[in-house]
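I have placed the structure first, in the form of structure tokens, so that the comments after it can refer back to it.
Bear in mind these aren't lab numbers, they're just calculated from the coordinates by the rules spelled out. Here the structure is a predicted model, which is why all the values come from computation and not from measurement. So basically every Cβ, Gly included, is an ideal-geometry build from the backbone, and we count neighbours across all protein chains shown.
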Amino acid sequence: MAIIDGKKLAEDCRAQLKQMVVSLSYVPVLAVVSVGDDKASKIYVRNKEKAAAEVGIKCDVYSFPEAVFQKELESLIIRLNQDKTVHGIIVQQPLPKSIDGGVLLDFISAEKDVDGFGVLNAGRLLLNEKGGIVAATPKGILRMLEATGEPLVGKHAVIIGRSKIVGRPLAALLLNQHCTVTVAHSKTQNLPEICRTADILIAACGQPKMVKKNWVKKGAVVIDVGINRDENGKICGDVDFDDVVDIAKFISPVPGGVGPMTVAMLLENTVQTSLVQTKEN
């Protein structure tokens, strides 16, 4: 068994980005649109600000109260699209029910959609076309899988969860790597049995410690995307780490796994889009 150290991988990625940013004739700028007072959301935004500053990216946060009108947010995004000094735009999730997040995403220019959630970038990923921006979490997971040194071609990957943020784009990304992909979800029958067929098992279902040892094939690579709190209030993943750790060949921890890689990939996307927009690549 070996731990996939997402924290270390993210540190290495940020160090490389810092070297790249220093050589640029401009400062890459990431605009973060934040609405409401969700505590977890505020923590995520601060983490992004801190990581961006470490790399040399300017992170501008536009904070709005929960009562903000949809049109005001749309107008901001239009202005940010037109601002040539801004290279990446994200809308921090979750949003209040009064705000249509899907519509907001449609307003973000595809070349500045560094979250990769827009229809054009999602479509490019699905069709395996070049030029798209890959969603940060799936991109980070792929880097973690590559770091194991295990070949991906022909492997059976089972993803638990079909969200637009993780499950669906990750399925396309792994399919493009020539994996055989099964996407399981809340309506899937015989879930433990299906999971036991996986060479690569990725849990992104939001259920604390749901994946047990008897769900995992011996020697599988296990990636835990979940961030939950257990009965004692301690942060845990969707995988019961202590139960699974001895049967997996590689496993990612929570915390210190996918989370840091997601932020690192967001920053990488911002730098890469800035290069395209400024023609310095």
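Observations on the model:
- Share antiparallel - DSSP beta bridges, the chain, percent rounded to 5: 5 percent
- Most fluctuating residue given options Gly116, Gly237, Gly101, as computed from a GNM of the chain linking Cα atoms under 10 Å: Gly101
- Across region 92-100, coupling constants 3J(HN,Hα) worked out from phi with the 6.51/-1.76/1.60 Karplus curve, θ = phi - 60°, read 5, 9, x, 10, x, 4, 6, 9, 8 Hz, and Gly and Pro carry x.
- Other residues within the sphere of radius under 14 Å centred on the Cβ of Gly161, judged by their own Cβ, net out at +2 (K and R +1, D and E -1).
- Region 1-48: C-alpha gyration tensor shape, a/c 1.5 cut-off, then a/b vs b/c: oblate
- Taking a Cβ cut-off of under 10 Å around Leu105, the surrounding Lys, Arg, Asp and Glu residues balance to a net charge of -3, with basic ones at +1 and acidic ones at -1.
- Among the trypsin sites (Lys or Arg not before Pro) in region 1-89, those placed in a DSSP loop whose Cβ has at most 12 other Cβ atoms within 10 Å are Lys84.
- Nearest 10 degrees, 0 to 90: helix 6-22 Cα axis against the chain principal axis: 30 degrees
- Tensor-based shape of region 136-259 (alpha-carbon gyration tensor, a/c under 1.5 rounded, otherwise prolate or oblate): rounded
- Residue-count net charge about Ala171 - beta-carbon cut-off 12 Å; Lys, Arg +1, Asp, Glu -1: +3
- Here the Karplus relation 6.51 cos²θ - 1.76 cosθ + 1.60, evaluated at θ = phi - 60°, turns the backbone of region 108-117 into coupling constants of 6, 4, 4, 6, 10, 7, 6, 7, x, 8 Hz, with x for every Gly and Pro.
- The long axis of helix 258-278 is offset from the longest Cα principal axis of the chain by roughly 40 degrees.
- Angle between the chain longest axis and helix 39-55 axis [Cα atoms, degrees, rounded to 10]: 70 degrees
- With at most 16 other Cβ atoms within 10 Å, longest stretch of the chain clear of loop GluC sites (Glu not before Pro) (DSSP): 130-230
- Loop-exposed chymotrypsin sites (Phe, Trp or Tyr not before Pro) per DSSP, neighbour cap 15 Cβ within 10 angstrom, longest uninterrupted part of the chain: 70-281
- Listed residues Leu76, Leu173, Leu126, most fluctuating in the chain (Gaussian network, C-alpha, under 10 Å): Leu76
- Residues whose placed amide H lies under 5 Å from that of Thr182, excluding near-sequence neighbours: Ala157, Val158, Ile159
- Less than 5 angstrom separates the built amide H of Cys59 from those of Leu30, all sequence-distant by 5 or more or on a different chain.
- Derived scalar couplings ³J(HN,Hα) [region 189-199; Karplus, 6.51 cos²θ - 1.76 cosθ + 1.60; whole Hz; x for Gly, Pro]: 8, 6, 4, x, 5, 5, 4, 5, 8, 7, 7
- Tensor-based shape of region 25-109 (alpha-carbon gyration tensor, a/c under 1.5 rounded, otherwise prolate or oblate): oblate
- Amide H within-cut-off set for Lys217, under 5 Å, with H built and near neighbours excluded: Ala198
- Helices in the chain, meaning DSSP H runs of at least 4 residues, each add -39500 (n - 2.57). Divided by all residues, the mean residue ellipticity at 222 nm is -12500 deg cm²/dmol.
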